[in-house]
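The structure appears right after this line, and notes come after that.
The values are calculated or read from the model by the stated rules, or taken from the named source; none is laboratory data. Model, not experiment: these values are computed from the prediction. Because the Cβ atoms are built from the backbone with ideal geometry, glycine has one as well, and the counts that use them run over all protein chains shown.
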Amino acid sequence: EPLPAAVLFDRPYSAATVAALVSVFLIFPDRPRVVTDAIGFLVLLPVLRIVRPLLGPAPVPELYAVAALCLTDRIRAELAMVPAIDQAFLLLEMLSAMAGLAWLLGSGRSGRAPESPPARRAVAVFALVVCAGAFAAAAYGAMGLARTLGANLLFSAFAAIIAFAAVQVADGLLAFALRVGPLRRLGMVHRHRSLLERRGHLLFCWMMTAIWAVGTLRFIGVLEWALGLGQAVLAAELRRGAMGISLGDVLAFAITVWLAFLVSTGIRFVLEEEVYPRLRLARGLPYMISNLLHYALLLLGFLLAVGALGVDLNKFTVLAGAFGVGLGFGLQGVVNNCVSGLIVLVERPIHVGDAIQMSDLAGEVRRIGIRATTVRTWEGAEVIVPNASLVSEKVINWTYSDRLRRMDLPVGVAYGSAPEKVLELLLAVAHAHPGVLAQPVPEALFMGFGESALNFELRAWTGRFNQWAAVRSELGVAVYAALRDVGLEIPFPQREVRLRDGNGVAMSK
């Protein structure tokens, strides 16, 4: 399937024409009807040239049929002053539309064409019913009703095709803009180009859907009525005593909070992808800034949303203070965890990705929230740790300053072995292993005399923190092989048991 950008640059004049003519709808919302009709004539061919390769070969006849019907309807509108011609054209249009829709619905059932999705079939059935009603009204002589049904349906269908073409043009322009300077040099564009294109496509779809809906309502002549009805519904109040709240207030509250989330997400995305990589910030500082900014924007959005509800913020502050005192007694643990979360974010004793250990819990920090921190244990479990525990209890952070890990490997050799030779061999094995760091220097120590062996310990550092257990295992295997090759014995505990009979005579050994 061709990409919108490829189609856009294969047909640059058509794309430019569509972009210019569609922009008229945005620049001149109160344009005369004749301007709308002129745009419909001029945009027809460019729209067909853009949409045809994007739809594939299957829907091309339907596309041409809709375009032909819309063109015929525009010609009929210009000849509407002659009633007989107006009626004949409208009957011909509706009859052709019904035949095409009936064929489209029948071909899917008979297997001559791929089965249409249920939503598309429902739209086709609805259009068939409207066309049948318009045909019956025109045949009866009720031309006003026939024009309201048939002409408006054709305009809505063609406007939807124009909106689809406009979205493809916008997608192509966005794809081109993200692939040339200066946007191409941005790190967030380089790493997340497909994500930005999907978000842009979604925005264009919503914009063109809104323009299509407003244009259709304006063409039908019910835009003012629809706006008045919407205002009346949004202004409907639910009162309880002296307080009242309307659906518009609730909608404004929800939209304000939603916009606060969107703004916070967008700012954090730009900071994390474009700003932080260019700055030399201390470890954990970007995460702290992003989270504190996120909570500040959400709080600001909530206050603005409360203001949009029509609540006096001075009274709200007093009520929030009184309510907070009550919550302080009932939810001391939650408040303690939230305050501790702020302390963890500001002081940064732990960071996301750190390996920590506290009491019987050990794992990697995955997320630091305002109330709790998520730790993934080495066994794979996700543990939710209240932030108050991180502040009040002892926490071992294995990776606070670096990701180095020391490995201690105890080794025992038989009595009679030369300690100097054992120490030299242990150091040689450590230096030969690729997972052992040269700095800090490995150490081989003689730890003392055991019951059946001379005890040594090899201490070595590795930079593979997440694989230190595997490196320690490989180091142990290498030490055993080296001891075996030089003939040094690794003893095991032995006990000698003597049995005597009742007379004190040894029976066996």
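Within segment 366-411, the set of residues being buried (at least 16 other Cβ atoms within 10 Å of the Cβ) and over 18 Å from Pro349 (Cα atoms) comprises Arg405, Met407, Leu409, Val411. On the basis of being within 25 Å of the chain's Cα centre (by Cα) and assigned to a helix (DSSP H, G or I), does Ala127 make the cut? Taking the combined requirement at face value, the residue does not satisfy it. Listed by first and then second residue, the pairs with beta-carbon distance under 7 Å, at least 6 apart or on different chains, first residue in segment 9-32 and within 15 Å of Val214 (Cβ to Cβ), second in a helix (DSSP H, G or I), are Val22/Ile162; Val22/Ala166; Val24/Ile39; Phe25/Ile211; Phe25/Gly215; Arg31/Val24. The set of residues in segment 240-295 that are assigned to a helix (DSSP H, G or I) and polar (S, T, N, Q) comprises Thr256, Ser264, Thr265, Ser290, Asn291.
Quick one: is Arg459 modelled with pLDDT of 90 or more, surrounded by 12 or more Cβ atoms within 10 Å (Cβ to Cβ), of a type in the set (Lys, Arg) and under 30 Å from Leu298 (Cα atoms)? No; evaluated as a whole, the condition is false for this residue.
Here is a yes/no grid of residues against (1) within 30 Å of Leu234 (Cα to Cα); (2) at pLDDT 85 or above; (3) in contact with a Pro (Cβ under 6 Å, 6 or more places away or on another chain):
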| position | (1), (2), (3) |
| --- | --- |
| Gly310 | yes, no, no |
| Asn314 | yes, no, no |
| Ala322 | no, no, no |
| Pro349 | no, yes, no |
| Asp354 | no, yes, no |
| Thr374 | no, yes, no |
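Screening Arg495 on (1) modelled with pLDDT under 70; (2) surrounded by 10 or more Cβ atoms within 10 Å (Cβ to Cβ) shows it passes everything except condition (2).
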